[in-house]
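Q: Following this message is one structure expressed as structure tokens.
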Amino acid sequence: MTAPALQAPNDSAPIGVFDSGVGGLTVLKALCAQLPGESFVYLGDTARLPYGTKSAATVTRYSLKAAEALTEYGVKCLVIACNTVSAFALPAIRERLGAVPVVGVIEPGAEAACSASRSGHIAVIATEGTVRRGAYQAAILRLRSNARVSAQAAALFVALAEEGVCSGPIAESIARHYLAPLFRDDLPGGPPDTLVLGCTHFPMLAGAISAVLAPQVSMVDSASTTAAHVHAVLTAAGLLRPAGAGAVRFLATDDAGRFARVGSRFLQRPISSGEVELVDL
């Protein structure tokens, strides 16, 4: 595939945000809070989700198409608001987009985990693909070579978040199912003292997850640290918008109604189906 002709970014251009579905709206929420004067174009590839169970080649192919679609909106920065895409496709996207800065969620999340952990024993819950790729494990060990990282796929959390079953006995029972093996007291050196929520859906279940963790365990959500990193990247590149009223444009590849309904919970503000434009990748 031939790369699109890219214009040099400018500070008035929007920031592109990409996810396989609505989970990345938790990152968009943090970005809007951190960068209230910026405009955003959010693309959810709802026709092809979930990405978390797909092969690296498939995730990369889908992600490159989405990234190229967002360049057509003249974005000055692209935020990969999906842990699976960040794990599998970030280098390929950076190569394809050239001068446009591309920020993933894994490195900021790993930095926050390393800062939060006292013992260096860190647990990660994520999709099957992110865990299989070992991206968080590698990123944490690059920053803290003596760390111990335990990882667990937690696919049911995605369904719970999208169905709105984010608290109560069902959510807590499933949280206990996934977390009990990771946080056993009889583990060599003791259980982890930090948990990374390695999927953008998982912050929706933070209450249920906290309810089954010991109170001394720190929980890391990469959304706020990613937003802070984007702020720093734009500032360093001279691309931070000096002033303005922020706006958000929503794009999806299937079912605008469901995107609006489920996405409203993730963004924590109403989205009407009329706000969601369907695009074909």
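Q: Inverting the mean 1/r over all pairs of different Cα atoms, compute the Kirkwood radius of the chain and quote it in Å.
A: Evaluated over the chain, this radius sits at 18.9 Å.
Q: I want to check the label-to-label distance for E163 and D255. Put each point 7 Å from Cα in the C-beta direction and report it in nm to one decimal.
A: Those two pseudo-labels are separated by 1.4 nm.
Q: Sort H201, H121, H231 so the one with the fewest other Cβ atoms within 10 Å of its own Cβ comes first.
A: H231, H121, H201
Q: Using only Cα atoms, locate the centre of the stretch 210-253 and the centre of the stretch 60-83, then give the distance between them in Å, rounded to an integer.
A: 17
Q: Tell me the net charge near F183. Cut-off is 12 Å between Cβ atoms, F183 excluded, with +1 for each Lys or Arg and -1 for each Asp or Glu.
A: Details: positive: R176, R184; negative: D185, D186, D193.
Neighbourhood net charge equals -1.
Q: Which residue, K65, K76, K29, has the most motion in a Gaussian network model of the chain that connects Cα atoms within less than 10 Å?
A: Judging by the Gaussian network model, the answer is K65.
Readers should treat all values here as calculations from the given coordinates under stated rules, not as data from a laboratory. Note that the structure is predicted; figures quoted are calculated from it, not measured. In this analysis, Cβ positions are derived from the backbone assuming ideal geometry, glycine residues included, and neighbour counts consider all displayed protein chains.
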